[in-house]
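Novice: Below are the structure tokens for one structure; questions will follow.
The values are calculated or read from the model by the stated rules, or taken from the named source; none is laboratory data. Quick caveat: nothing in here was measured; it's all calculated off a predicted structure. Every residue, glycine as well, gets a Cβ built from its backbone with ideal geometry; the counts of neighbours run over all protein chains shown. Ligands, DNA and RNA are excluded from the accessible area calculation, which covers all protein heavy atoms including side chains. Shrake-Rupley method; radii C 1.70, N 1.55, O 1.52, S 1.80 Å.
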Amino acid sequence: MKKCGELDLDLGFVMLFAAFRSRCSPHAKYYSPDHVSSVPALLCIGEGDEVIPLEMGNELIECFNDPVVLHHPGGHFLPTQPEQRKVYQNFLEERLAVKKAQ
């Protein structure tokens, strides 16, 4: 949205849980190859999600340059097992280190 001039907000990063690529035609412009986001992203995708099918969650991966992708065996929720929390922690620590270095 920022690349389209529709958002004047500088996000340092995004963390998306049970997210998906919109299939509404007015949103198509946000998913063109010219609009791949360089915002650091963590995408958390539930392999057993019955609300957002796995394929829809995986389609979002190509919308970011080099996102951290966490697939978990659960469904439509924020996983909180120690190994999953470690992925969140590492991502946030990396973002903090970048911010401190600026």
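Novice: Need pairs with beta-carbon distance below 7 Å; first residue in a loop (DSSP other than H, G, I, E, B) and within the stretch 37-54, second of a type in the set (A, V, I, L, M, F, W, C) and open to solvent by 40 Å² or more (accessible area, probe 1.4 Å); sequence gap 6+ or separate chains.
Specialist: Every condition considered, the pairs that remain are Val39/Leu11; Val39/Phe13; Pro40/Phe13; Glu47/Leu54; Ile52/Phe20.
Novice: Within the stretch 27-64, track down each residue that is touching a strand residue (DSSP E or B) at 6+ places or on another chain (Cβ under 7 Å), of a type in the set (S, T, N, Q) and open to solvent by 30 Å² or more (accessible area, probe 1.4 Å).
Specialist: Hit for the stretch 27-64 is Asn58, nothing else.
Novice: A follow-up question, please. Quick check on the stretch 17-26. Is at least one of its residues modelled with pLDDT under 95 and not in a loop (DSSP other than H, G, I, E, B)?
Specialist: yes
Novice: Return the residues of the stretch 65-94 that are surrounded by fewer than 16 Cβ atoms within 10 Å (Cβ to Cβ) and in a helix (DSSP H, G or I); say none if nothing qualifies.
Specialist: Scanning the stretch 65-94 gives Pro82, Glu83, Gln84, Arg85, Lys86, Gln89, Asn90, Leu92, Glu93, Glu94.
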